[in-house]
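A quick write-up on the structure given underneath.
The values are calculated or read from the model by the stated rules, or taken from the named source; none is laboratory data. Model, not experiment: these values are computed from the prediction. Neighbour counts run over all protein chains shown; Cβ positions are idealised from the backbone, glycine included. Calculation scope for accessible area: heavy atoms of the full protein, side chains included, ligands and nucleic acids excluded. Shrake-Rupley method; radii C 1.70, N 1.55, O 1.52, S 1.80 Å.
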Amino acid sequence: AGLVWAEPPQFFKGVIISSHTWGREWQSPEMAQTLDELKSLGANSVAIHPYARIAEDGHVLFRTIDDNRYITQPLDWAHERGLSVMMIPHIAYWGTKFLWRGEINFATPAEWDNFFNDYETWIVEMARISQAHGAAIFCVGLEFSYAEKFPERWLKIIAAVRAVYFGKLTYGGNWNEFENIKFWDALDYIGVLAYFPLTKTPNPSRADIAAAWEKRAAELEQFSKRNGNKKFIFVELGYNESAKAAAEPWSFKTGGENAAEIQACCLDVALDLPKTHPFLAGIFLWKWFPELPS
């Protein structure tokens, strides 16, 4: 049945460790150092996001490199350090007409069949590895704005994952779409990419940001109650160093007046939420890179 890990933490204080490549950094000595560093900063959890590639006809392409050591090694290293892991397999869309995962869409039933059949094959393989190496949470997908409209296909995928993986399951719904997803009852956590716009006030104060988060948290709490008190995981949370961090947390643009202070304040307020909001089970910060020698 694979590793039995220590009980997952009461609250996942997580960081997503990303890569500039297909993931080879995750098996480097620098990855082990990164795990030590994150633990020393107070994280009790990390996440990685192995890639498969989407083709415009719906096929999902993936390859096994060196027996998937770039995935298994960091999971084992995290385990040795007492860190929980969330596995978040990602679909790579660059080189296609899709500008992000939310645009992945197909015109014909045959293309949708290609997508769901291949995706299931790949995601079950990722789940099998997660089980064998003790990942505490497995995220079955994220940001698929169009594919989410086929809940019965997701229920089939979730059942196939549950047949090989016995940890907790979630899905990453986008901040403005998660309420429309129809398969939360098949998962253990409601996952959301928590890039909620907070306030358009220029140069917002801590009080402005905190008030905006309280309003948003009240809505999330109601959603949790309507779904059998299922807890939320923020599958991603982050803010760029930008004067618009509170207004447009998803935006890549950086700079502007008081950008560093606004970024710090947004993060600070968000990381305080769990103290007063028990509907939250974890937060994973996007994102951190191992420092590879150039």
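Numbers below:
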item	result
Inter-label distance for residue 21 and residue 252, nm, one decimal - labels placed 7 Å from Cα along Cα-to-Cβ	2.2 nm
Shape box of region 55-175 [Cα atoms, principal axes, largest first, Å]	46, 28, 27
Value of relative contact order over the chain, rounded to a whole percent, pairs C-alpha under 8 Å and six or more apart	20 percent
Accessible area of the chain divided out per residue, in Å², using a probe of 1.4 angstrom	46 Å²
For region 64-108: span of alpha carbons on each principal axis (Å, largest first)	46, 23, 18
Taking the C-alpha atoms of region 130-238, convex hull volume expressed per residue in Å³	111 Å³
Net lengthening on full extension, residue 7/residue 67 (0.36 nm per residue, minus Cα-Cα)	18.8 nm
GluC sites (Glu not before Pro) within region 125-193: DSSP coil, no more than 12 neighbouring Cβ in 10 Å	none
Relative contact order (%) - criterion: Cα under 8 Å, at least six apart; region: region 230-294	42 percent
Span-rule helices in the chain, defined as complete DSSP H runs reaching 15 Å or more along the axis (Cα) with Kyte mean at least 0.5	259-276
Kirkwood-based shape ratio for the chain, expressed as Rg/Rh from alpha carbons	0.95
Ratio Rg/Rh [Cα only; Rh per Kirkwood] for region 16-55	1.04
Cα centroid of region 135-197 to Cα centroid of region 30-71, whole Å	19 Å
Ratio Rg/Rh [Cα only; Rh per Kirkwood] for region 1-133	1.01
Beta bridges by DSSP in the chain, antiparallel share as percent, to the nearest 5	5 percent
Cut-off 11 Å between beta-carbons: net charge of the residues surrounding residue 57, Lys and Arg +1, Asp and Glu -1	-4
Whole-percent carbon and sulfur share, accessible surface of region 89-188, 1.4 Å	53 percent
Nitroxide proxy distance, nm - points 7 Å out along Cα→Cβ at residue 128 and residue 227	2.9 nm
Sparse-neighbourhood loop sites, trypsin sites (Lys or Arg not before Pro) in region 1-102 - DSSP loop, at most 11 other Cβ within 10 angstrom	63, 97
Label zone at residue 215 (point 7 Å along Cα-to-Cβ), backbone N below 13 Å, region 264-294	none
Sparse-neighbourhood loop sites, trypsin sites (Lys or Arg not before Pro) in region 147-217 - DSSP loop, at most 12 other Cβ within 10 angstrom	200
Total lysine pairs under 29 Å (Cα atoms) in region 126-216, excluding pairs fewer than 8 apart on one chain	9
Percent carbon-and-sulfur accessible area, region 241-294, ignoring ligands, DNA and RNA, probe 1.4 Å	56 percent
Simple label model, 7 Å out from Cα along Cβ direction - residue 264 to residue 152, nm	5.4 nm
